[in-house]
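The values are calculated or read from the model by the stated rules, or taken from the named source; none is laboratory data. Computed from a predicted structure; not experimentally measured. Reconstructed Cβ throughout: ideal geometry from the backbone, glycine too, with neighbour counts over all protein chains shown.
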Amino acid sequence: MNPPKTQTPKKKSEPVAETTGAVCSCSHYARATEAAALASARWLGRADREGAEEAAFTAMRSSLDDLPIDGRIVVGAADEGPLAAGQRIGAGGVPVDLALDPLEGREVVARGGSGAMSMIAIGEPGAFVTLPDMYMRRMAVGPRVRDRIDLRKPVGENIVTIAKAFGRNPNDITTIVLDRPRHHDLIDEIRHSGARIKLIPDGDVTASISAAIRGTNDHLAIGIGGTRQAVLTAAALRCLGGELQAQLWPVSRREIEQAKATGIDDIERIFTTTDLAPGEVIFTATGVSNGDLLRGVRFLADSARTHTLVMCTRCNWVRFIDSVHFFARERREEVRLLGSA
């Protein structure tokens, strides 16, 4: 009689990203932001916002159309263009919803400034909330201050809370604010609190990501921006473990009615990170011009180098990807390590 066979215990597998019934591989989407960044970076400093926008939108659309997805753009361009909300995109396959901005920092690129990025967030159908196109006032912080801020409280109180969380004084805290006339009173409040202020010409989402990542020396992104940027910010902070609080900021009776038409009866409701991006999400962004978070596109003789951030809640990772893109099969250049001479 043969002895009974013994079974070896199965090793517990590491979590992996699902590719069926969900979103496809995280890194696939980096192609879309890299393509948009490469195209729009050619327009850096040429004082042509429309040319930079068109290049970014066309390149991202072309790249997304090649992916094996059945995509629906939930948050897209404000106008009726190739990447407007409601458009279907992809070569067919996994159903996904997309929130995107092919070029955040259009004016920055036109002026030749820093901090412009191309970005996209991806999730299963229903992963992003649908909001009317209007302003929201909001504040964003990193994991260390999560669950401690309160948008209803004065800015000074929140800055004191953030300072305590970091073991610092309020005058050691850096806040990021868009340089807009609507923020005049907000800036006065921040100055009165003693905190430092970094005024930026553009880049709501970039500022919020910077506040949620250590090493940038930014601690709070605050101000009034669009609902589209709020959804993208929520997706990014879901991946980083940060927190976003946002509230609709209608400027007319018509906008209040628009909000009610989308099911928002309480105009003063505070939306949280998970309210705006409740599902599993992927977020990827590529630098167009150099910034505190990502390096911009660097063009070489027959190649270009990009710096991309890829994050995924399902895989539970954050990756910074340095890529070299060759423009011809016959390569004249050798690949260099990042930072080498």
Among the residues of the stretch 147-169, is there at least one that is outside any helix (DSSP H, G or I), within 27 Å of G287 (Cα to Cα), modelled with pLDDT of 95 or more and of a type outside the set (A, V, I, L, M)? no
Conditions (1) surrounded by 14 or more Cβ atoms within 10 Å (Cβ to Cβ); (2) among the hydrophobic types (A, V, I, L, M, F, W, C); (3) under 15 Å from the mean Cα position of the chain (by Cα): number failed by F320: (1)
From the option list R332, R305, R314, single residue qualifying as exposed (fewer than 14 other Cβ atoms within 10 Å of the Cβ) and either part of a strand (DSSP E or B) or in contact with an Asp or Glu (Cβ under 6 Å, 6 or more places away or on another chain) (or both) is R332
Residue satisfying condition, being assigned to a loop (DSSP other than H, G, I, E, B), more than 23 Å from I282 (Cα to Cα) and within 21 Å of the chain's Cα centre (by Cα), within set G81, G45: G81
Matching residues in the stretch 65-112 (without any contact (Cβ under 8 Å) to a residue 40 or more places away in the chain and either touching a His at 6+ places or on another chain (Cβ under 7 Å) or farther than 21 Å from T233 by Cβ (or both)) number 15
Could you give me the residue pairs with C-beta distances under 9 Å whose first residue belongs to the stretch 182-195 and is in contact (Cβ under 8 Å) with a residue 12 or more places away in the chain and assigned by TED's automatic domain parsing to the domain that holds I162, whose second residue is surrounded by fewer than 14 Cβ atoms within 10 Å (Cβ to Cβ) and assigned to a helix (DSSP H, G or I) wherever it lies, and which are 6+ apart or on separate chains? S193/E157; S193/N171; G194/N171; A195/N171
What number goes with the only condition from (1) in contact with a helix residue (DSSP H, G or I) (Cβ under 8 Å, 6 or more places away or on another chain); (2) without any contact (Cβ under 8 Å) to a residue 24 or more places away in the chain that V324 does not pass? (1)
Going through the stretch 137-146 in order, the residues found to be of a type in the set (A, V, I, L, M) and either outside any strand (DSSP E or B) or in the same structural domain as V94 (by TED's automatic domain parsing) (or both) are V145
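One line per residue, one yes/no per condition, for (1) charged (D, E, K, R); (2) part of a strand (DSSP E or B); (3) farther than 29 Å from A246 by Cα:
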residue	(1), (2), (3)
A55	no, no, yes
L64	no, no, yes
L67	no, no, yes
I73	no, yes, no
A91	no, no, yes
A99	no, yes, no
I120	no, yes, no
F128	no, no, no
Selection from the stretch 283-302 of residues touching a Phe, Trp or Tyr at 6+ places or on another chain (Cβ under 6 Å) and either crowded, with 19+ Cβ neighbours inside 10 Å or in contact (Cβ under 8 Å) with a residue 60 or more places away in the chain (or both) yields T284
Kindly indicate whether I173 is buried (at least 16 other Cβ atoms within 10 Å of the Cβ), over 30 Å from T313 (Cα atoms), more than 16 Å from the chain's Cα centre (by Cα) and without any contact (Cβ under 8 Å) to a residue 60 or more places away in the chain. no
Can G203 be described as at pLDDT below 95, small (G, A, S) and in the same structural domain as I264 (by TED's automatic domain parsing)? yes
Search result, residues across the stretch 105-131 that are closer than 23 Å to P278 by Cβ and of a type in the set (D, E): E124
Could you please find all residues in the stretch 175-192 being farther than 22 Å from E104 by Cα and in contact with a strand residue (DSSP E or B) (Cβ under 9 Å, 6 or more places away or on another chain)? L186, I187, I190, R191
Here's a check for you: in the stretch 249-273, which residue that is more than 15 Å from the chain's Cα centre (by Cα) and among the polar types (S, T, N, Q) is modelled with the highest pLDDT? T272
Determine whether P82 is at pLDDT below 95, within 26 Å of V297 (Cα to Cα) and surrounded by fewer than 23 Cβ atoms within 10 Å (Cβ to Cβ). yes
